Amino acid sequence: MSKEPVILLTGFEPFGPHKVNPSGEVARALDGHTVGGTRVRSLILAVHQTGAAATLEPVLVETDPLAIVQLGLAAGRMRIALERVALNVMDYPLPDAEGAQPHDRPCIPGEPAAYWSRLPLDPILGALTSDGIPAYISNTAGTYLCNQVMYWTLHWLAERGARTPAGFIHLPLLPSMVAATGTDEPSMAFPLMHRAVEIALAVVARAAGAAAS
């Protein structure tokens with residue numbers, strides 16, 4: 001019996017000074033939903049240099065997803081950020097959950113300098129902005145766990161010759177997170193983030209389904 005096709009949606013646990021992570025909350029909220037005719041399977045990753053990939057790999061093998069959409073938090077960003085590229089570099093601005101803070105090191109030694117996103121970024125951007133959701137295509141996923149997980153995933157797929165669409169989307173802070181810190185930073189309400197990811201997943205599902213048929 002063939003497996004039910006799923007889109008794998010990942011988010012992260014809270015990290016650093018943050019008591020909540022909207023990427024994990026959005027992923028949890030969409031788990032089990034059907035979007036664009038495809039069921040969403042969500043996975044929450046630890047903000048951990050080796051633990052994130054160790055959690056992700058068996059789920060990739062188990063589900064053989066139709067597509068992979070990964071979410072992360074990017075404080076300071078005003079819009080939904082569709083990441084164009086993952087770089088083979090770790091240069092953590094703060095320690096991970098286990099205290100590791102690599103500097104100027106490759107994600108995977110000896111492998112390509114970068115991987116391009118495999119998501120249909122322009123159609124996603126068009127769908128989001130048409131719905132009135134602030135979004136843009138970003139040329140940097142940073143040098144922390146978000147970039148590392150994006151790079152690791154794209155490399156894992158490339159090594160296996162898999163053509164699975166995969167890529168990363170960064171979310172802004174929640175208003176409650178800004179309120180808790182008393183800082184002057186941009187934020188986005190949770191329902192709008194949820195709607196944005198739902199729209200992105202629908203676009204990805206349609207594109208992946210068309211490619212697979």
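Only the coordinates and a few stated rules stand behind these numbers; no lab work does. The shown structure was predicted, so the numbers you read here are calculated from the model rather than taken from an experiment. For neighbour counting, all protein chains shown are included, and Cβ atoms are generated from backbone atoms with ideal geometry for every residue, glycine included.
What full-extension length gain, to one decimal in nm, is calculated for Lys19 and Ser176 as 0.36 nm per residue of separation minus the Cα-Cα distance? List each step's numbers first, then the result.
Numbers: separation 157, 0.36 × 157 = 56.52 nm, distance 1.03 nm.
Extra length from Lys19 to Ser176 when fully extended: 55.5 nm.
Which one of Thr63, Ala127, Gln148 has its Cα pushed farthest toward the positive end of the charge dipole of segment 6-212, where Lys and Arg give +1 and Asp and Glu give -1 at the Cβ?
My answer, from the dipole projection, is Ala127.
DSSP loop (so not H, G, I, E, B), at most 14 other Cβ within 10 Å: list which trypsin sites (Lys or Arg not before Pro) in segment 158-213 pass both filters.
Arg160, Arg163
Using a Förster distance of 41 Å, how high is the FRET efficiency between Asp131 and Thr50, based on the Cβ-Cβ distance and rounded to 0.05?
On the way: r = 38 Å, r/R0 = 0.92.
So the FRET efficiency works out to roughly 0.65.
In square nanometres, what is one fourth of the surface area of the convex hull spanned by the alpha carbons of segment 6-212? It would help to have the intermediate numbers written out before the result.
Details: hull surface 42.8 nm².
Quarter of the Cα hull surface area: 10.7 nm².
Can you give me the P(r) profile for segment 1-126? Cα pairs, bins 10 angstrom wide beginning at 0, each as a whole percent.
11, 37, 39, 12, 1
Mind giving me the nanometre distance, one decimal, between the label points for Leu192 and Ala113, set 7 Å out from Cα along Cα→Cβ?
Distance between label points: 3.7 nm.
Report, by chain and number, residues whose modeled amide H sits under 5 Å from the one on Val89, excluding near sequence neighbours (fewer than 5 apart, same chain).
Excluding prolines and chain starts, which carry no amide H, the hits are Cys107.
Give the separation of the Cα centroids, segment 170-209 to segment 83-108, in Å.
Distance between centres, Cα-based: 23 Å.
So how far apart, in nm, are the two label points at Asp91 and Glu57 if each is 7 Å from Cα heading toward Cβ?
With each label point 7 Å from Cα toward Cβ, the separation is 2.7 nm.
Taking the Cβ-Cβ separation of Arg105 and Thr34 as r and a Förster radius of 45 Å, what is the calculated FRET efficiency to the nearest 0.05? Walk me through the numbers before you get to the answer.
Working: r = 40 Å, r/R0 = 0.90.
That pair, Arg105 with Thr34, gives E of 0.65.
What net charge do the residues around His48 carry, taking every other residue with its C-beta under 13 Å from that of His48, with Lys and Arg at +1 and Asp and Glu at -1?
Numbers: positive: none; negative: Glu13, Asp96, Glu98.
Net of charged neighbours comes to -3.
Looking at the chain, send over the antiparallel percent of its DSSP beta bridges, to the nearest 5. The partial results should precede the final answer.
Details: 8 of 30 bridges.
For the chain, the DSSP antiparallel bridge percentage is about 25.
Counting helices only, and only those DSSP H runs with n ≥ 4, report the 222 nm mean residue ellipticity of the chain as the sum of -39,500 (n - 2.57) divided by its residues, in deg cm²/dmol to the nearest 500. Before the final figure, lay out the partial values.
Numbers: 6 runs with 77 residues, N = 213.
Helix contribution divided over all residues of the chain: -11500 deg cm²/dmol.
Which trypsin sites (Lys or Arg not before Pro) from segment 1-89 combine a DSSP loop assignment with at most 13 other Cβ atoms within 10 Å? Numbers along the way, then the final one.
On the way: sites: Lys3, Lys19, Arg28, Arg39, Arg41, Arg77, Arg79, Arg84; in loops: Lys3, Lys19, Arg77, Arg79, Arg84.
Qualifying residues, ordered by number: Lys3, Lys19.
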